[in-house]
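What follows is a short report on a single structure.
Derivation of every value follows stated rules applied to the coordinates shown; laboratory data play no part. Quick caveat, the model's predicted, so the values are computed rather than measured. In this analysis, Cβ positions are derived from the backbone assuming ideal geometry, glycine residues included, and neighbour counts consider all displayed protein chains.
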Amino acid sequence: MDEKKYNQFRSSLRVLARKIETQMKNETGCCGVTLSQCHILLELYPDQELSIKELSQRLELDKSNISRTVDSMVEMGLAERSHSLDDRRFVSIRLSEKGIEKASFINQSCNEYYISLFKPLSPEKQAVILQGMEYLAQLMKNESKKSCSSC
C-alpha cells in the first residue's frame, strides 16, 4: 500500500475506535458497570476462574489496575475471590451468579446491536469483515510487544 492508503486505513481505524468506544460505553453504562469491569466480566464469562496476573496478561493491563477493578466488582457482588489451599497468596477470581447474569445481559445486548448492524450485508460480506477483524486483531496482538520508538 502507498502512504495515502495507509493514511486512509489509519483514519478508518480512528473512526472505528471512537465508534466502538462510544458503543461500549453505552452498553456498559446502561448495565451499571465501568468499561474495565465489563472487560473483566466478559473475560471471566461464563465459567473462567483466573488469577489477577492471568487477567492482567489477557487484558494487557497493569495488575494494580485489575486488582482495584476486581475489588470494586467484589464489593458490588459481581465477582468472588477464592484462595488456593496450597498457596494462600494465590487468589483466583470468578464471577458470582450476579456477575454471570450481568455478563450474559451484556453479551446479549452487544450481539443484538451487531446483528442489526450486519443485517443489511450479504453473508459473504459479513464473513469478509469477520475474518478481516480476526486477522487484524491477531496482527496487532503479535505486534503489541514492539514499541513505536519513531512516533
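List the relative contact order of the stretch 3-118 as a percent without decimals, with contacts defined as Cα pairs under 8 Å and 6+ residues apart. Don't skip to the answer; put the middle values down first.
Details: 102 pairs, mean separation 30.6, N = 116.
Answer for the stretch 3-118 is 26 percent.
Rounded to the nearest 20 Debye, what is the dipole magnitude of the chain about its Cα centre when Lys and Arg each give +1 and Asp and Glu each give -1 at the C-beta?
Dipole size: approximately 580 debye.
Hey, can you grab everything whose amide H is under 5 Å from the amide H of Ala79? Only 5+ residues off in sequence or another chain; H modelled, so Pro and N-termini drop out.
The answer is Val74, Ser96.
So what J values fall out for the stretch 5-15 if you push phi through Karplus, 6.51 cos²θ - 1.76 cosθ + 1.60 with θ = phi - 60°, rounded to Hz, Gly and Pro as x?
For the stretch 5-15, the Karplus curve yields 5, 5, 4, 5, 4, 5, 4, 5, 4, 5, 4 Hz.
Under 25 °C and 0.890 mPa s, how fast does the chain diffuse according to Stokes-Einstein, given a Kirkwood radius computed over C-alpha pairs? Answer in µm²/s, whole number.
Values: Rh = 17.8 Å.
Roughly 138 µm²/s, to the nearest whole number.
Using 0.36 nm per residue of separation minus the Cα-Cα distance, give me the extension gain between Arg68 and Leu121 in nm, one decimal.
15.0 nm
Add +1 for every Lys or Arg and -1 for every Asp or Glu among the other residues with Cβ under 14 Å from the Cβ of Asp47, and state the total.
Residues near Asp47 contribute -4 overall.
Could you check which residue among Leu78, Leu44, Leu117 shows the biggest mean-square fluctuation in a GNM of the chain with a 10 Å Cα cutoff?
Among Leu78, Leu44, Leu117, the largest mean-square fluctuation in the Gaussian network model of the chain belongs to Leu117.
Per DSSP H run of n ≥ 4, the term is -39500 (n - 2.57); total these for the chain, divide by its residue number, and report the mean residue ellipticity at 222 nm rounded to 500 deg cm²/dmol.
When only DSSP H runs of four or more count, the value is -22500 deg cm²/dmol.
Using only Cα atoms, tell me the angle between helix 35-44 and the longest principal axis of the chain; keep it within 0 to 90° and round to the nearest 10.
70 degrees
Which net charge results when you count Lys and Arg as +1 and Asp and Glu as -1 among the other residues whose beta-carbon is under 14 Å from that of Arg89? Write down the numbers at each step before the final one.
Details: positive: Lys53, Lys63, Arg81, Arg88; negative: Asp86, Asp87.
Net of charged neighbours comes to +2.
List the lysines whose alpha-carbon lies under 30 Å from that of Lys119, not counting same-chain residues fewer than 8 positions away?
Result set, ordered by chain and number: Lys5, Lys19, Lys25, Lys102, Lys141.
Calculate how steeply helix 63-76 sits against the longest principal axis of the alpha-carbon atoms of the chain, using the helix alpha-carbon long axis, and give the answer as 0 to 90 degrees to the nearest 10.
For 63-76 against the chain, the angle is about 60 degrees.
For Lys125, list the aspartates and glutamates whose Cα falls under 17 Å from its own Cα; do not include residues on the same chain fewer than 8 positions away.
Glu134
To the nearest 10 degrees, how steep is helix 97-118 against the longest Cα principal axis of the chain, on a 0 to 90 scale?
Roughly 10 degrees between the two axes.
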